[in-house]
Amino acid sequence: MEGRGFYYPVDTATGPNGRLYVLGRGHDGDQRGIQVCVMDVDSEYYGVFGTVGEADGQFIWPAGIAIDSEGQVFVSDEHLNRITVFDASGTLQATWGNPGSGPGELDGPNGLAVDADDRLLVVDHRNNRIQRFTTDGEPLASFGEKGDGPGQFNLPWGVAVASSGDIYVADWGNHRIQRFAADGEFRAAYG
């Protein structure tokens, strides 16, 4: 695996440069795969960035990856409760996030998505909510709470934004997908 290939990939995103960014998580006892591998759809290899650790630019349990229209790469770390931001070439730009349950704080961030206005949606897994941030990490809004009713979550995991602006959330513990309007208003549940 030394430098090429995937080792327990957990998420992927495509950048505006056409490159594919594959987030690897490794596994207990073997952390070599904790990195972002950059390639294209023709299997051309461009390198890796990110390593194991707690310093800026490092990961313990990377969980989600997303890319904005400028090519910035966002990686969530559910253990460190933070978001790490890189440029398209893998150079560290910023690290932000604090553990907790208050506005803008994170507890187990997982899935990431960028909406049409380049705002970052973060699945705040153990806080049972979706938070919206600027790409600089300023909290804008959140929606959801613990429960099994419409618009409530039980350990949400993944998020995607449709071309319509609707937000789809994988509500892991409730065994369903929920759909929300761009402003976070509940629309429907499936499953």
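PHE133 meets the conditions (1) closer than 30 Å to GLY47 by Cβ; (2) open to solvent by 50 Å² or more (accessible area, probe 1.4 Å) in every case but one. The failed one is (2). With respect to ASN154, is the statement that it is of a type in the set (S, T, N, Q) and in contact (Cβ under 8 Å) with a residue 24 or more places away in the chain true? Answer is yes for this residue.
Cβ-Cβ distances below 9 Å connect the following pairs, each with a first residue in the range 133-146 that is within 16 Å of VAL75 (Cα to Cα), a second residue that is of a type in the set (S, T, N, Q) and part of a strand (DSSP E or B), and a separation of six or more residues or different chains: GLY137/THR95. Name the single residue that is least open to solvent (accessible area, probe 1.4 Å) among those in the range 150-191 being under 23 Å from PRO99 (Cα atoms), in a strand (DSSP E or B) and aliphatic (A, V, I, L, M). Out of the qualifying residues, it is VAL169. Going through (1) small (Gly, Ala, Ser); (2) under 26 Å from PRO156 (Cβ atoms); (3) surrounded by fewer than 21 Cβ atoms within 10 Å (Cβ to Cβ); (4) in contact with a Lys or Arg (Cβ under 8 Å, 6 or more places away or on another chain) one by one, GLY104 falls short only on (4). If the condition is being open to solvent by 70 Å² or more (accessible area, probe 1.4 Å), in a loop (DSSP other than H, G, I, E, B), farther than 19 Å from SER89 by Cβ and not charged (D, E, K, R), then the range 12-42 contributes GLY29, GLN31.
Just to be sure before I move on: is TYR46 within 17 Å of the chain's Cα centre (by Cα), over 15 Å from ASP77 (Cα atoms) and at pLDDT below 95 in the structure I sent? No. Taking first residues from the range 164-178 that are over 16 Å from ASN154 (Cβ atoms) and partners that are open to solvent by less than 40 Å² (accessible area, probe 1.4 Å) and acidic (Asp, Glu), the Cβ contacts under 8 Å between residues at least 6 apart in sequence or on separate chains come to GLY165/ASP115; ILE167/ASP115.
Among residues of the range 55-101 being aliphatic (A, V, I, L, M) and open to solvent by 50 Å² or more (accessible area, probe 1.4 Å), the one that is farthest from PRO139 (Cα to Cα) is ALA55.
Which condition number does ALA94 fail, the rest of (1) out of contact with any Pro (no Cβ under 6 Å at 6 or more places or on another chain); (2) modelled with pLDDT of 95 or more; (3) within 26 Å of ALA170 (Cα to Cα) being met? The single condition ALA94 does not satisfy is (3).
Filtered by the rule that a residue be more than 28 Å from GLN35 (Cβ to Cβ), part of a loop (DSSP other than H, G, I, E, B) and in contact with a strand residue (DSSP E or B) (Cβ under 6 Å, 6 or more places away or on another chain), the range 91-149 gives PRO103, ASN128, GLY144.
The values are calculated or read from the model by the stated rules, or taken from the named source; none is laboratory data. It should be emphasised that the depicted structure is a prediction, and the values quoted were computed from it without experimental measurement. All Cβ positions, even for glycine, are placed from backbone atoms using ideal geometry, and neighbour counts span all protein chains on display. Only protein heavy atoms, including side chains, enter the accessible area calculation; ligands, DNA and RNA are left aside. Shrake-Rupley method; radii C 1.70, N 1.55, O 1.52, S 1.80 Å.
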